[in-house]
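**Q** My questions will all concern the structure given below.
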Amino acid sequence: MIRLVEVIKQFERFDLREVFVNPRHVVSLREDGQISKALNEGKLPEGLDPRQSFTKLTLDKGTVGLELTIVGSPALVESKLKSQRQVLNG
């Protein structure tokens, strides 16, 4: 499991919270420009760098996927996912 920071929308405001993700269930990563736009409009919590990028992370949940918006670029999120994978030699 890896710890990431998720952006969640509650009514008209955005909040941040920690989320733990199993790297084996990640299906795709792509940049989320909509949240970057909201950041530039001042809708996200204070303290985030205006240059911050965001990733839409899709998790396999059986017949449907679950999408999370994660703080960080797709490359950064990918590096975190890879750092948690271990090869077992048997």
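**Q** What does the highest-first list of 4-12, 65-73 look like by mean Cβ count within 10 Å?
**A** For the peptides 4-12, 65-73, the packing ranking is 65-73, 4-12.
**Q** Related question: Straight-line reach from residue 56: which aspartates and glutamates fall under 20 Å, measuring Cα to Cα and dropping same-chain residues less than 8 apart?
**A** Cross-link targets: 6, 12, 15, 18, 31, 32, 41, 67, 78.
**Q** Using P(r) over Cα pairs in 5 Å bins from 0, in percent as the read-out, say which of (i) 3, 13, 24, 24, 17, 11, 5, 2, 1, 1, 0; (ii) 3, 14, 20, 17, 13, 10, 7, 6, 4, 3, 2, 1, 0, 0; (iii) 3, 13, 19, 20, 17, 12, 9, 6, 2, 0 was calculated from these coordinates.
**A** Correct label is (i).
**Q** Can you sort 14, 20, 54 from fewest to most other Cβ atoms within 10 Å of each residue's own Cβ?
**A** Arranged by neighbour count, lowest to highest, 14, 20, 54 become 20, 14, 54.
**Q** Quick check: pseudo-label points 7 Å beyond the Cα along Cα→Cβ at residue 16 and residue 51, how many nm apart are they?
**A** 1.7 nm
No value in this document is a laboratory result; all are computed from the given coordinates. Since the structure is predicted, the reported quantities are computational estimates derived from the model, not experimental observations. When we count neighbours, we look across all protein chains shown, and the Cβ atoms used for this are built from the backbone with ideal geometry, even at glycine.
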